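Let me begin by presenting the structure, written as structure tokens, before commenting on it.
The values are calculated or read from the model by the stated rules, or taken from the named source; none is laboratory data. Not measured: the values here are computed from a predicted model. Here Cβ is always computed from backbone atoms with ideal geometry, including for glycine, and neighbour counts include all displayed protein chains. Heads up: the accessible areas ignore ligands, DNA and RNA and are worked out on the full protein's heavy atoms, side chains in. Shrake-Rupley method; radii C 1.70, N 1.55, O 1.52, S 1.80 Å.
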Amino acid sequence: GVRTDTEAGHLTGGILGLAAAFERRRIRDRTKTGRVEAAREGRFVSSTPPFGYRRIHKADGRGWTLEVDQEQARTIRTMFDLLVRRGETVPRTAQELNRLGLVSASGSTWTPGTLGRWARRPGPVRTASGTWVFSGVDVPVPAILTPDQAASWDLWRARTSLGPGQDHGPYLLSPGILTMPCGRWATGRTAGTRQPTYSCRDRLIKATRDQHPD
């Protein structure tokens, strides 16, 4: 019943809008706080399990935990053997995974692009080595890779993020090498005429969506 074509109605509508926005922020903050506390208790609080795992109910019935998906774990170990131990190229590794019938999380065949993006991110290797991170909280999960294998993979990732002769540009640490405090990998960004800087990739995407809701 608010008429926004009058000064009083316009003011009332603005106040109601601010109150609604405030309540949305409170709900969002309470939800995030609850999920962080659940993660501290060792629960898996995301909706989609990371590659290599499946969601199962915890034994006490309180929330979810992760167990190893053996077929996807086999894919990760094969990636390690081909990429890291044998030094195969990403395209050749993708071809071999497809030949073996080892598919991605969506059930699709691997392309050099999808494999390269997965293998060069620090998060998947960290999770496969036994630590899933949610909002800065380390949640222990069953390990697929040994600590030595994970360390070797990290060295491979740092070494191959940019190929020989490629220009690093102004972002020397951005290709999956720099990790933000929340555990996500960093993305280089430039804001106007300011110097290049780094931002959490998820926050950068969220900020872009907030500015352009369409």
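Kindly sort GLU96, GLU41 by accessible area of their heavy atoms, largest first, with the probe set to 1.4 Å. Let's see the in-between values first.
On the way: GLU96 30, GLU41 100 Å².
Largest accessible area first, the list is GLU41, GLU96.
Counting other Cβ atoms within 10 Å, keep those with at most 15, restrict to DSSP loop, and tell me which trypsin sites (Lys or Arg not before Pro) in region 14-84 are left.
Here the trypsin sites (Lys or Arg not before Pro) that fit, given the DSSP loop and packing criteria, are LYS58, ARG62.
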### Gain upon complete extension [ARG86, VAL2; 0.36 nm per residue less C-alpha separation]
23.3 nm
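Convex hull over the alpha-carbon atoms of region 1-63: what's its volume per residue in Å³?
Values: hull volume 8.1 nm³, N = 63.
Measuring per residue, one finds 129 Å³ for the Cα hull of region 1-63.
Could you check how much of the accessible area of region 20-114 is carbon and sulfur, as a whole percent, using a 1.4 Å probe? All intermediate terms of the calculation are to be shown ahead of the outcome.
On the way: 2850 of 5730 Å².
Within region 20-114, the accessible surface is 50 percent carbon and sulfur.
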### Task
Using only the alpha carbon atoms of region 1-106, find the Kirkwood hydrodynamic radius as the inverse mean reciprocal pair distance, in angstroms to one decimal.
18.5
